[in-house]
Amino acid sequence: MPELREPVPEPARAARTALQALRTHLGWVCCAGGVLLCALGWYGVSGERYTARQIPYLASATAPGAALIIGGTVLLAARRRDTTPSPEQQRNQEQMQRQLSLLYQLLTDAVETAESPQPSRGNGSDSTAGARTDGSALLLAVPGGRTYHRTGCLLVQGRQDPERLLDGAASERGLRPCPLCDPPEV
């Protein structure tokens, strides 16, 4: 049974919204003040020839200006973290997580494959993904594409339009092997 949450009281919600708005405005004010102090410090330093006379401008204007810019940026970044992501942002984040995990899997598989001894390709018994039992690989091509792929290639995975290539069809159409999945030469 799902647990019931008590709704947030209206005054608390209003206070949280006001605090977020204040944080945002304060962040922009800090950034603007920091830029102003940095500009004043630069103007003061540019008018002095000797380093000993430039240090007071750096200490009194440029360093605090940089600190205000950093503080304002932190306040603005905290605003983004407090907001609830929209359903579209959640979908995008989930898709990015899936893509990152797939990339990680591909990279770790590539490292494992590179570390293990490679079987020779000349015997016609390719044991990688997309191979058939008769020794010829099952190959795919996207209509209008210039390359052919293995069945597990990322470039055709999830697409609805790839077509299977019969023996010799890739060379007849002038297709090159995909550099990502490295299908056998035909």
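Around LEU139, which amide H atoms from residues at least 5 apart in sequence, or from another chain, sit under 5 Å from its own amide H, with H modelled in the peptide plane?
For LEU139, whose amide H was placed from the backbone, the distant partners under 5 Å are LEU165.
How much FRET efficiency would the formula 1/(1 + (r/R0)^6) give for ALA12 and THR73, where r is the Cβ-Cβ distance and R0 is 22 Å, rounded to 0.05?
Given R0 = 22 Å and the Cβ-Cβ separation, E is 0.20.
Show the residues, 5+ positions off or on another chain, whose built amide H is closer than 5 Å to the amide H of TYR148.
Close amide H contacts, sequence-distant or interchain: ARG176, CYS178.
Every number in this text was worked out from the coordinates using simple rules, so none of it is lab data. Note that the coordinates shown come from a computational prediction; the quantities given were computed from them, not determined experimentally. Cβ: placed from backbone, ideal geometry, glycine included. Neighbour counts: every protein chain shown.
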